[in-house]
1. Once the Cα atoms of helix A:2-29 and of chain A are each reduced to a long axis, what angle between those two axes, in degrees from 0 to 90 to the nearest 10, is obtained?
2. Say the cut-off is 19 Å between C-alpha atoms; which of A:Lys149/A:Lys338; A:Lys199/A:Lys284; A:Lys174/A:Lys284; A:Lys335/A:Lys435; A:Lys419/B:Lys170; A:Lys69/A:Lys338 go over it?
3. What distance in nm separates the simple spin-label points at A:Lys137 and B:Leu55, each placed 7 Å from Cα in the Cβ direction?
4. Dipole size in debye (nearest 20) for the protein assembly as shown around its Cα centre, Lys and Arg Cβ +1, Asp and Glu Cβ -1?
5. With the dipole of the protein assembly as shown worked out from charges on the C-beta (+1 for Lys and Arg, -1 for Asp and Glu) around the Cα centre, which of A:Asn298, B:Leu308, A:Ala406 lies farthest toward the positive end?
6. Mind checking A:115-125 for the average number of partner chain beta-carbons within 10 Å of each residue's beta-carbon?
7. Just name one of A:Ala131, A:Val365, A:Gly63: the one whose Cα is farthest towards the positive end of the charge dipole of chain A (beta-carbon charges, Lys/Arg +1, Asp/Glu -1).
8. Give the percent of DSSP beta bridges with both residues in the protein assembly as shown that are antiparallel, rounded to the nearest 5.
Amino acid sequence: MQIRRSRLLAGLAAVAAATLVLTGCAGGGSGTKSDTLTYTDNVPKDKVTLQVWSFLPGNYEGGAEAYDKVIAAFNEKYPQVTIKLTDMPYSTYWDQLRNSGVSRSGPDVVTMYGGAQAYSYRNSLFPMQNAMSPEVKKDLRYIDENYSKDGNLYMLPVGAYGYAFLVNQSLFEKAGLDAQKSLATWDGMLQACTTFKEKGIPAIASGWQDGIQLETLLYMISSQLMDTETLAKWTKGELPFNDPLFHTVIDRVLEMNKAGCFGGEEALGKAMYNDAFDQFDAGKAALSLGGGLDRAENDFKSIPSLTVIPMPQAPESKHENLIDAGADAGWAVTKWTKSPEAANAFVNFLAGPEAQQILWDTVHVVPNNNGVDVQLTTPMQKVYIPLIMNPENHTGFSSFSLELLAVVERNAGPLISGKMSVDQFFEQANRAYEKNN
Amino acid sequence: MTATTTATDRRGRGDRSGERRPRPRFRGGLGGGPAAMLLILPVIVLEVLVLFIPLLYIAYRSFFDWQPGGESTPNGVDNYIDLFTQSEFWQVVGNQFFYLLGLPVWVIAPLIVSFMLREKVAGSGFFRSVYFLPAVMSPAVVALLFRALLSADGPINSMLRGVGLDFLAKSWLSDETTVKPVIIILVLWAGFGTGVLIFSSALSAVPKHLFEAARLDGVGFWGEFWHIAVPSIRNAVVLWMIFQVISIFLFMFSWVYVLTRGGPGLSSATMDFLIYQQFMKFGFYGTAAAQSVVLVLLIITVAGIGGLVTRLLNGKKAAA
């Protein structure tokens, strides 16, 4: 009996010790430190090494060399700062960043998307709204829409993309259509889809299995339907996903499907979104959803009749010629960096005109800094860049939360193929939206 | 005298079965004394540090809006309510139990093959090696391979179309009706060799004369299998079953992640995949913690049921 009692006491002592350990850990994890970053020109003269994580250099042919040039230019100004840039594959980048955030260690500067994605990493990142140099603030585009719903800007947006149709004009001719005329209006686009279907030519290269295509269409059409005020509400988390605006977007996507824009029932759900790029590159589809100049330049090599035309405005559009366009990505400073001043100086340099000029000149990363001198030389640059630079453009891309996007991605195939009703889709999507708000 | 000598000879020189040696008393807790305690202490410490404290920590954190590096506020059982009111969660639990439908196949298939290989079949060692090969391959690599094989325009569908079985060609991994059965078959393929190995080693301990006697009595293949082989290696079978069940709850991640990413929709997602998504992708740390606790409790329950079944079977055996 005595032995049992002593074991019981020992057990209780162990539980108490474990509780103490846990409570101690809990205290450690509940940091309430006020974390702000303010711009200063005075980077300490002490030698410092910054670890930088990014997936951007690998996105461009010759990207690593281009970023080396950017770092060299930065070091001319700040020779005391050594930059160690790690180019990481996109597929594992975010997991590693999450691990880094939980362990509170790792890189000093990271590539980051704005809005909802940055908010998801908010405990790891310094708010940057007061950390921008006056020169950068003056010339940088897409700042407002990259704020998170808590009123903080966790990254400085850098680079630019714009979603438009990459158009294989030869296939339009083959179908007896004029691409410019067909894509001038929404109804014209639907009519073209129907014609392509009748001729046995896939209209838009499609891959619905991973849902990225629905996501892309969601950005493209919802941006048209948002005026500046609505976009501001969406950015602040004040526009629910069950707003009629998003129902209209989904209705328009389903309308496109009905018109045969994405191929027949056979094609649905089979391919991944990236497979659709191959389909288009092989000249097997008339249109592709394109977001970046680099892809257009590449496709132009295999499709000489390639051009870029905006998706026509949906009937409910609040704009004349808008395309969904915004920052390519951005850069952020982590809260555990030992040298916030140096890290911030590097981020400001990346967003500034000098770095963006180097990237434009070497690998044609479209700049979002008005101080960059953009000379258009190639055919794709001449048709695409003016579309991306259109001041009417904006995007609500950043404010789609990760969980909402996951619902969109996983239900895209079932929704398009009719296995899931629109109501079921919105029921799940709203739940995800509300969880984030 | 002669009879005594014969009996002694039969027993052999080393046979001391007449003597009752005390058996080690490790049963019933730490009855081995301080020396035994000292020996197992490092393992206990390691288990506590690596397993139990993190587990307790996760359980504790499941009652918070957990924000690593930020302010974590207690939220009672909100994470659990959130979890249990999500239809997605129940869909995934349903998937998990659907995968358990593969259990009879995962057990019986390697059992039959190991029974067939127990005799001196020509090349039985070769076959065992071939069967075991998938077990030493990374599930991620195997899953990638099968993703290519099973794609809509992949070799399997091409083969089916080539032999005029067009109606059987499907989008195996993107069709809600086929994706789970396909995964069950792949798990069978991957675990088959290990099962054969375990059952073969268990069968090798069964006295051959039992089978020989049965054969003399006219018992056929299935009779030997069901009435001699299976009862003789019952413990190994139950152990394998428990292992398979736990694997379904714990080790499906790499398959699902590489093959389907849980899709289409959530129709092939497992709980570990959902935990990964909540934690790594969305940053819902508290929800992921609650889900981890539920998963651990489910596994404990299932393992407990397995233990109970083993005891019942052993009890019946002893009674017989």
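Rule-based calculations on the coordinates, nothing more; no lab input. Model, not experiment: these values are computed from the prediction. So basically every Cβ, Gly included, is an ideal-geometry build from the backbone, and we count neighbours across all protein chains shown.
1. That helix lies at roughly 60 degrees to the long axis.
2. A:Lys149/A:Lys338; A:Lys335/A:Lys435; A:Lys69/A:Lys338
3. 5.4
4. Approximately 4940 debye in magnitude.
5. My answer, from the dipole projection, is B:Leu308.
6. Across the residues of A:115-125, the mean count of other-chain Cβ atoms within 10 Å is 2.
7. With unit charges placed on the Cβ atoms, the residue in question is A:Ala131.
8. In the protein assembly as shown, approximately 65 percent of DSSP beta bridges are antiparallel ones.
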